[in-house]
Amino acid sequence: MSRFENSLIPNSIIYFFVLLISLISIIPLFTIFNGIIELNTNSEYFYFFREFSLKNYVANSIIILFGVLVFTFLLGLYSAYLVSFYKFPFSSFFKYALILSFAIPPYIFAYSLSAFFENYGTGYLIVSTFLNEKMANQIIPNLNPIIGIIISLSFSLFGYVYILARSSFVNQSQNLIEVSSNLGFSQTQRFFKVILPSARPAIFIGLSLVAMETLSDFGTASFFGTSTLITGIYNSWFIFDDLVSANILSLFLLIFILFFFCLESFSSKNSKYHLSNSSSHKKKIINLSGKKAIFAFVFCFILFFLSFLFPLFQMLFWTFKFPEYYSNLDLIKLNLNTVKLILASTIIIIVCSFFSNFGIRVLQKKTLRFISSLSISGYAIPGIVISVSTITFFSILNEKFNINLKSFFIGSIYGLILGYLFRFYSISFNAIKAGYLKINQSIDDSASLLGFSKFRTLTKIHLPFFKKNIYFIFILISLEIIKELPITLILRPFNFETFSTKAYNFASQDLIEAASVPSLFLILWTTFLIILSIKYFLSEEK
Amino acid sequence: MKNILILFIIFFSIESILANEINLFTTRHYESDIQLYKKFEEKTGIRVNVISGKSKPLEKRILEEDRECIGDIFFLADAGRLVSAEQKGIFQKINSEILENSIPKHFRNKYWFGLTKRARIIFYNPKLIKEDEIENLNYEDLAKKNWKGKIAIRQANNVYNQSLVSSLIETNGKKHTQNWLKGIVRNFSRNPQGNDRAQILAVAAGEAEIAIANTYYYALMLSGKKGPEQKKAAERVKPFFPNQNNRGAHMNISGAGILRFAPNKDNAIKFLEFLVSPTSQLHLSNNTFEYPMIENIEVNDLIKKIGIDFKQHNSIDVSTYGKWQKTSFKLMKEAGWN
């Protein structure tokens, strides 16, 4: 017998809707599998791919993944450590400023990076202005594409490790740290023996997120033109017209990514036991002085500069250098489109994920729990595959079930919202799930005893608790939607542009200079949203 | 007041239902194309609605939408891509005297029509290569040993490269091209990377002696639209049209076809006919620096400077690029072209 039988809404209706939402959220997974069933065993591309490219592509993907993980780990961890345990010039500024790296999508970072290093690029301009024009191209090294991808991804993704490591440091028990000093540990010993091990689960979650983003990244890899698993998907489709093989490769990728996801959920489970905060002790912050303070400052400054100011300056530089490109943009429409997309999508995504979490909680059904846990796959599937899945789904619906929703969803704002739901549902779902874990089940039981209906428990007890959480999820999803490219590009209605599609248009006609204005607006939007919610990123600042 | 509002709403919804329009899918991302579409709108009153994107996702969208697809035209930037779309039954047959009379036969068929031309040629650094070294050069010669470590070109998955190699397979046969690929890959100055402009820049900087690229990338640099540094770099490089003593330089097209279920077929035909008119051709070529599809267009000085009187490979039907693209890619990969 389930809880809340005194409810006005029958359990079966809740069950139905939660099941529906969960099933909708796993449509891409379904279409990928469906695509594989049609596999033609003598797929020309698949054979060729296995013979000639597989090793190379997998090797590149692994090198990039490894490089990005090492970089984000070192950068994120060390900067979080510095701003959490030490005071040095501008340390409280950097604490917030480093989060701004989230405002830069990896592809905009890639544009800036490649423009800096290319022959006669920005680097050349700087060197030739201040030093020697003849030598300038020699002085600026050629950027190896794989290194380019690693750098672009690392600087735009290290924020995950930074934020999670920092929140874990701040919540770390001061007692433990004091014990370590009583035991006569040096600062280095203290870091490796006490601080790092207890932050391990949080860092691990951060790294898994980085790994998922890296593996499903398409924009950066294709911009630098390196063959990774994603390129395999692309080639299979674009050159061989073989969408089946593309689906199989997506599945490979998905399995790869799911592996990281399992690691992540495993460590999130463990992490609960590590967050033993003793609020009675205020954290002791060590004042740095002299060389050490300068070093800490320089490290954080360089990180902030490279991750945020460098791409921002590059875009500003182009905007001022080529003002003629500014006039072509219908800024009012672009901003309105952005607002429209953000509002409609986030509201729907949050309502759906909230309702399904609520349903799973009150109904306690294992099937629902299982199906909804599959929904995380959306975040792991590359956007380009999601967009095809969306289109394919409506086509299947029409062919097999004679339900024709194509003209309603394909090429309309509803289709776009659905695409975003597939991709970003898991962000919202998991964040709400984590929030629900903190509300003790006994509260629900007491509410029930007091005669609260399920609906009232939801509105009067759960929702107030989630207010801040929802606001934060709203910001997170908005950030993703503003930066999103492949889904928007394919599913949008006629004459519908966003800042990211505009930037892409210019970049693909080889006028990255003109892409700077839409990119700049995109960065302004994301920066604005981050600043609005900065205290939630650093969860401890109340 | 309420009634006025209702009338107002009805008025606008009727307008949007009865709108005189065409819907265009395009893989060309030029802002100047949009300006040209505006001119069409002014001239005919037919509104042009646009979605731009990558070729295959758009193709997939059109195919899956099937009868529901409200698109009228699909505009693509490579002959092979047009053939691939045609083979899937995306386009319908079109009879238009204007199109047939304006566009040379080997740049069109019944389903699609070439609207601009692109030449994929050689760029060299005159400081590193003497005129007589490059004189009479053919694409075929690029596999010879004297070019070892000197050639810059982009990756195998680039469709323009696939079309170039396809034209070689069609002309010289598979076996010959296979050997050619082995040779040219040995001659690469670096692992292929970057776009066409990056190859020209590498030649300007002396990192490679010759590059293979489409001319409009070079023109874009020369135009100053990418800043004075790029312009200066382009001036250090010279264009060279290969195979002038035999079949001519490799030409590709960007072109469009009318979709099978196009709801506005008549408007769409008008639109394509408008695109081959002399004013449109001039607009296209002046802004994107592609070569015009029709004869006797007074192109701008920049294109003249690069060259207009060169011999073009006109004996080949560009639809053969579509036939060989997959094979090209396979052979390129087998030869070690990354």
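A full extension of the chain between B:ASN172 and B:ILE98 corresponds to an added length of 23.2 nm, given 0.36 nm per residue minus the alpha carbon distance. So, with a 1.4 angstrom probe, what is the percent of accessible area on the protein assembly as shown that is carbon and sulfur? The C+S portion of the solvent-accessible surface of the protein assembly as shown is 62 percent.
Pair-distance distribution of chain B: all C-alpha pairs, bin width 20 Å, starting at 0; shares per bin in whole percent are 30, 54, 14, 2, 0. Here the stretch A:415-542 is described by how far its Cα atoms reach on the three principal axes: 65, 35, 18 Å, from widest to narrowest. Can you give me the C-alpha center-to-center distance between the stretch B:133-184 and the stretch A:426-461, rounded to a whole angstrom? After rounding, the separation between the Cα centres reads 67 Å. Scanning chain A for GluC sites (Glu not before Pro) in DSSP loops with at most 15 neighbouring Cβ atoms within 10 Å leaves A:39-539 as the longest stretch between them. When the other protein chains are added to the chain by itself, burial of at least 20 square angstrom of heavy-atom accessible area (probe 1.4 Å, ligands and nucleic acids ignored) affects these residues of the stretch B:124-155: B:GLN155.
Expressed to the nearest 5 percent, the antiparallel share of DSSP beta bridges inside the protein assembly as shown is 60 percent.
Between B:ASN300 and B:ARG236, what's the calculated FRET efficiency when r is the beta-carbon distance and R0 is 22 Å? Round to 0.05. For R0 = 22 Å, the calculated efficiency reads 0.55.
For the stretch A:277-353, what is the Kirkwood estimate of the hydrodynamic radius, computed as the reciprocal of the mean inverse distance between distinct Cα atoms, to one decimal in Å? Roughly 17.9 Å, rounded to one decimal.
About the centre of its Cα atoms, the protein assembly as shown shows a dipole size close to 2520 debye [charges on the beta carbon of Lys, Arg (+1) and Asp, Glu (-1) only; nearest 20 debye].
Compactness of the stretch A:108-152, taken as the C-alpha radius of gyration over 2.2 N^0.38 Å, stands at 1.14.
Neighbours of B:HIS283 by Cβ distance under 10 Å: Lys/Arg scored +1, Asp/Glu scored -1, total 0.
Over the protein assembly as shown, the reciprocal of the mean inverse Cα-Cα separation, the Kirkwood hydrodynamic radius, stands at 29.4 Å. From its DSSP helices (H runs of at least four residues, each -39,500 (n - 2.57)), chain A gives a residue-normalised ellipticity at 222 nm of -23500 deg cm²/dmol. Pairs of Cα atoms in the stretch A:339-483 fall into 10 Å distance bins, from 0 up to the last occupied one, in shares of 11, 35, 32, 17, 5, 0 percent. Against chain B, whose longest principal axis comes from its Cα atoms, helix B:55-65 is set at around 30 degrees. Over the C-alpha atoms of the stretch A:52-320, the Rg to Rh ratio, Rh being the Kirkwood estimate, stands at 1.03.
Rounded to the nearest 10 degrees, the inclination of helix B:159-172 to the longest alpha-carbon principal axis of chain B is 60 degrees.
Calculate the mean, over all residues of peptide A:237-245, of how many other protein chain Cβ atoms lie within 10 angstrom of the residue's Cβ. It would help to have the intermediate numbers written out before the result.
Numbers: counts 6, 11, 13, 4, 7, 1, 2, 0, 0.
Other-chain Cβ atoms within 10 Å of each residue's Cβ, averaged: 5.
Between chain A and chain B, the total buried accessible area stands at approximately 5200 Å², from heavy atoms with a 1.4 Å probe.
With bins 10 Å wide beginning at 0, the percent of Cα pairs of the stretch A:451-496 falling in each bin runs 23, 27, 22, 21, 7, 0. What the Cβ-Cβ distance of A:LYS400 and B:GLU41 gives, at R0 = 56 Å and to the nearest 0.05, is a FRET efficiency of 0.85. Distance between the 7 Å Cα→Cβ label points at A:TYR471 and A:LYS321: 4.1 nm. With a ≥ b ≥ c the root eigenvalues of the C-alpha gyration tensor of the stretch B:131-173, is it rounded (a/c under 1.5), prolate (a/b larger than b/c) or oblate? Oblate, since a/c reaches 1.5 and b/c is not below a/b.
Cross-link partners for B:LYS110 among the aspartates and glutamates, with Cα-Cα distance under 20 Å and sequence neighbours closer than 8 places in the same chain left out: B:GLU59, B:ASP72, B:ASP78, B:GLU86, B:GLU97, B:GLU100, B:ASP266, B:GLU273, B:ASP317.
Put a plus charge on the Cβ of each Lys and Arg, a minus charge on the Cβ of each Asp and Glu, and nothing anywhere else: the dipole of the stretch A:52-320 about its Cα centre is then about 1400 debye.
Of the GluC sites (Glu not before Pro) in the stretch B:106-143, the ones in a loop by DSSP (not H, G, I, E or B) with at most 16 other beta carbons within 10 Å are B:GLU135.
When ligands, DNA and RNA are left out and all protein chains stay put, how many square angstrom of accessible area per residue does chain B have with a 1.4 Å probe?
Values: 13500 Å² over 338 residues.
That works out to 40 Å² for each residue.
Mind giving me the FRET efficiency for A:SER442 and A:LEU463? R0 is 30 Å, r the Cβ-Cβ distance, nearest 0.05 is fine. Efficiency for this residue pair is about 0.95.
Using every pair of separate Cα atoms, the Kirkwood estimate puts the hydrodynamic radius of the stretch B:175-257 at 14.5 angstrom.
In chain B, helices alone account for a calculated mean residue ellipticity at 222 nm of -13500 deg cm²/dmol, with every DSSP H run of four or more residues adding -39,500 (n - 2.57).
Distance between the 7 Å Cα→Cβ label points at A:LEU450 and A:TYR414: 4.0 nm. In terms of distances greater than 29 angstrom between alpha carbons, the cross-link table entries B:LYS130/B:LYS305; B:LYS226/B:LYS330; A:LYS340/B:LYS93; B:LYS148/B:LYS333; B:LYS182/B:LYS305 yield B:LYS226/B:LYS330; A:LYS340/B:LYS93; B:LYS182/B:LYS305. In a fully extended conformation the segment linking A:ASN144 and A:ASN495 would gain 122.6 nm over its present Cα-Cα distance, using 0.36 nm per residue. Express the Stokes-Einstein translational diffusion coefficient of the stretch A:135-244 in µm² s⁻¹, to the nearest whole number, given a Kirkwood radius over alpha-carbon pairs, 4 °C and a viscosity of 1.567 mPa s. The diffusion coefficient I find is 75 µm²/s.
A simple spin-label model places the labels of A:LEU176 and A:PHE33 4.0 nm from each other, with each point 7 Å out along Cα-to-Cβ. For chain B, the longest principal axis of the C-alpha atoms and the axis of helix B:2-17 are separated by about 40°.
The values are calculated or read from the model by the stated rules, or taken from the named source; none is laboratory data. Here the structure is a predicted model, which means the values were calculated and not measured. All Cβ positions, even for glycine, are placed from backbone atoms using ideal geometry, and neighbour counts span all protein chains on display. The accessibility values were calculated without ligands, DNA or RNA, using every heavy atom of the protein model including side chains. Shrake-Rupley method; radii C 1.70, N 1.55, O 1.52, S 1.80 Å.
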